[in-house]
Structures are given as structure tokens and as C-alpha cells.
Amino acid sequence: MRAVVQRVTEGDVTVEEQITGSIGCGYVVLLGVEDTDTEKDAEYLADKIVGLRIFEDEDEKMNLSLKDVGGQMLVISQFTLLADARKGRRPNFVKAARPEQAKRLYDHFVKKVKEQDIYVGEGIFQTHMLVRIHNDGPVTILLDSNKLF
């Protein structure tokens, strides 16, 4: 499972001209599910992201977590994070999970974040979404449950 975590001052997602999720200060998380992922991958990333200390403390050091600042999370499913573009010019998505598996693990990730008392806004799975991100810093962190990077 892969995630792009962006620290934001605010963010929202729109589907068919309707805002389906919005947050204030927190993270926008773009989440991609790989065909070999399990619930353990979702749980690992949920814990890792909620505990990430990328908010600044009083000394302007990245030392505070989402919980520490009372932040929120906007989670967007994004299978394109599993793209392999090493060969040719057209990305290959063969490692991306099938929609049924991806949706189940996406939902499990969201559930695990909510269990930590974090407000979660969401997009709508398998739809065209417009995501508005006010990246703060900018701070962007890449995570992979297989610890590839």
C-alpha cells in the first residue's frame, strides 16, 4: 500500500460538482492499494500516518503529530500510485489491486484512522474527483507499507 501524505491548511474533494469531503488543518492522503496488500498493510499505514510528526512545535521543528495538533485527514483513493512507468511511455497498472480488494482495504484504512479519534473526509471510490489541496510548507511525505522508500 502506498500513500502520499501532504500537510495542508485545508483541502476538499468534489465529485460531480458536490463536495464529498473537506478538512481544515491536517493531511490529505492519496492512497493506492497493491494487489498483494492485506489488512496489516492498511493498519501499518494508518498508524504510521496518524503518528507522523510533521507539524511544527513552538521551536519550529517538525515534532508534532496529527493528534497533537487536533488535525483532520482527507483520504482519496488513487490507484495511479501503483503505476510502473519504467518501461516505455504508457504506465502499467498491473500491480494495482482489483477494485473490490482496493475498496475493502481503503475502507479498512479509513476505519483504523477513525478509531484513533481522527476526523476523516473522503472522496468517492472509482469516480472522477477534483481534489483541492492547500499544501502547507509544502510538506509531502511518501510512504509504502513494504518500506520500499
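The values are calculated or read from the model by the stated rules, or taken from the named source; none is laboratory data. For clarity, every value in this text was computed on a predicted model and none was experimentally measured. Methodologically, a virtual Cβ is constructed for each residue, glycine included, from the backbone with ideal geometry; neighbour enumeration extends over all protein chains shown. Accessible surface areas use protein heavy atoms only, side chains included; no ligands, DNA or RNA. Shrake-Rupley method; radii C 1.70, N 1.55, O 1.52, S 1.80 Å.
Using a basic spin-label model with each label point 7 Å from the Cα along Cα→Cβ, how many nm lie between Val139 and Ala85?
2.7 nm
Using only the Cα atoms of segment 108-149, build the gyration tensor, take square roots of its eigenvalues as a ≥ b ≥ c, and label the shape rounded, prolate or oblate: rounded if a/c is under 1.5, else prolate if a/b is larger than b/c, else oblate.
Cα axes put segment 108-149 in the rounded bin.
When a/c is below 1.5 the answer is rounded, else prolate if a/b is larger than b/c, else oblate, so apply that to the chain with a ≥ b ≥ c taken from the square roots of the Cα gyration tensor eigenvalues. Provide the component values of the computation, followed by the final result.
Details: a/c = 1.55, a/b = 1.39, b/c = 1.11.
Prolate shape, in that a/c is at least 1.5 and a/b is the bigger ratio.
Express the carbon and sulfur contribution to the solvent-accessible surface of segment 44-149 as a percent, rounded to the nearest whole number, probe 1.4 angstrom.
Roughly 49 percent, rounded to a whole number.
Dipole magnitude of the chain about its Cα centre, charges +1 at Lys/Arg Cβ and -1 at Asp/Glu Cβ only, in debye to the nearest 20?
Dipole about the Cα centre, nearest 20: 800 debye.
Need one value: the accessible area of Phe93 in square angstrom, 1.4 angstrom probe, rounded to the nearest 10.
Phe93 has an accessible surface of roughly 80 Å² with all protein chains in place.
Could you give each residue of segment 115-128 its phi-based ³J(HN,Hα) in whole Hz, using Karplus coefficients 6.51, -1.76, 1.60 with θ = phi - 60°, and x for Gly or Pro?
My calculation for segment 115-128 gives 5, 9, 6, 9, 5, 10, x, 9, x, 10, 4, 6, 10, 7 Hz in order.
Amide H to amide H, which residues 5 or more places from Asn92 or on other chains are under 5 Å from it, using H placed in the peptide plane?
Asp84, Ala85
Could you work out the longest stretch of the chain that avoids the GluC sites (Glu not before Pro) located in DSSP loops with at most 15 other Cβ atoms within 10 Å?
In the chain, the maximal stretch lacking such sites is 61-114.
Keeping every protein chain present and rolling a 1.4 Å probe, give me the accessible area per residue for the chain in Å².
Averaged over the residues of the chain, the accessible area is 58 Å².
Please list His128, His108, His134 from largest to smallest accessible area, probe radius 1.4 Å, with all protein chains kept in place.
Result, largest first: His128, His134, His108.
If amide hydrogens are placed 1.01 Å from N in the peptide plane, which non-local residues have theirs closer than 5 Å to the one on Glu34?
Arg2, Ala97
With r as the distance between the Cβ atoms of Ser22 and Arg98 and R0 = 25 Å, compute the FRET efficiency 1/(1 + (r/R0)^6) and round to 0.05.
Approximately 0.30, to the nearest 0.05.
Expressed as a whole number of Å, what is the distance separating the alpha-carbon centroids of segment 117-131 and segment 6-57?
When both Cα centres are located, 9 Å separates them.
Given springs between every Cα pair under 10 Å in a Gaussian network model of the chain, which of Lys48, Lys87, Lys111 has the largest fluctuation?
Ranking Lys48, Lys87, Lys111 by mean-square fluctuation puts Lys87 first.
Tabulate in residue order the Karplus-calculated ³J(HN,Hα) for segment 18-34, using 6.51 cos²θ - 1.76 cosθ + 1.60 with θ = phi - 60°, rounded to whole Hz; enter x for Gly and Pro.
10, 6, 9, x, 8, 9, x, 4, x, 10, 9, 10, 8, 10, x, 10, 8
Which aspartates and glutamates, if any, have their Cα less than 14 Å from the Cα of Lys103, not counting same-chain residues under 8 positions apart?
Glu34, Asp35, Asp37, Glu39, Asp41, Glu122
Using a basic spin-label model with each label point 7 Å from the Cα along Cα→Cβ, how many nm lie between Asp47 and Val15?
So the two model labels end up 3.0 nm from each other.
With a ≥ b ≥ c taken as the square roots of the eigenvalues of the C-alpha gyration tensor of segment 1-42, please select rounded if a/c is under 1.5 and otherwise prolate if a/b is larger than b/c or oblate if it is not?
Here segment 1-42 falls in the oblate category.
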